[in-house]
Amino acid sequence: MVQFIALLAACLPIVTLCYIGFCLASPWGSCVRCRPGGRNRTCRACNGTGKRPRLGWQIYVYLRRLYRDGSH
Ligand SMILES: [Zn+2]
């Protein structure tokens, strides 16, 4: 069990980096709520665009905004 946790802890930064790279490569994911039918104009989750920013991308934008506000 301890070895498993150690392995997980070792893999976590790599997985995180891969996820960040993945988010930077394609920051827009398809909307979960209207996925089967594609676009749905009445969908409130994506405002009818059928695309939503990934969680990692939202975090990146948030952190970038924080850094920009802090540097001034
Ligand atoms: Zn949608």
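At a glance:
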item	result
Cα Rg over Rh - the chain, Kirkwood	1.16
Neighbour-count order for 18, 46, fewest beta carbons within 10 angstrom listed first	18, 46
Amide proton proximity set for residue 29, modelled H, under 5 Å, gap of 5+	52, 54
Simple label model, 7 Å out from Cα along Cβ direction - residue 58 to residue 7, nm	3.3
In Hz, Karplus ³J(HN,Hα) per residue of segment 10-16 (6.51, -1.76, 1.60; θ = phi - 60°; x = Gly, Pro)	6, 7, 4, x, 5, 4, 4
Rel. contact order, % - alpha carbon contacts under 8 angstrom, at least six apart, the chain	26
Residue-by-residue Karplus 3J(HN,Hα) for segment 56-64, coefficients 6.51, -1.76, 1.60, Hz, glycine and proline x	x, 5, 5, 5, 4, 4, 5, 5, 5
Stretch gain in nm, segment residue 22-residue 42, where the contour uses 0.36 nm per residue and the Cα spacing is subtracted	4.3 nm
The chain - mean residue ellipticity at 222 nm from DSSP helices (-39,500 (n - 2.57) per run, n ≥ 4, rounded to 500)	-19500 deg cm²/dmol
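Read-outs: derived from the displayed coordinates by stated rules, not from any lab. In this text, all values refer to a predicted model and were calculated from it rather than measured experimentally. Using ideal geometry, Cβ is built from the backbone for each residue, glycine included, and neighbour counts are taken over all protein chains shown.
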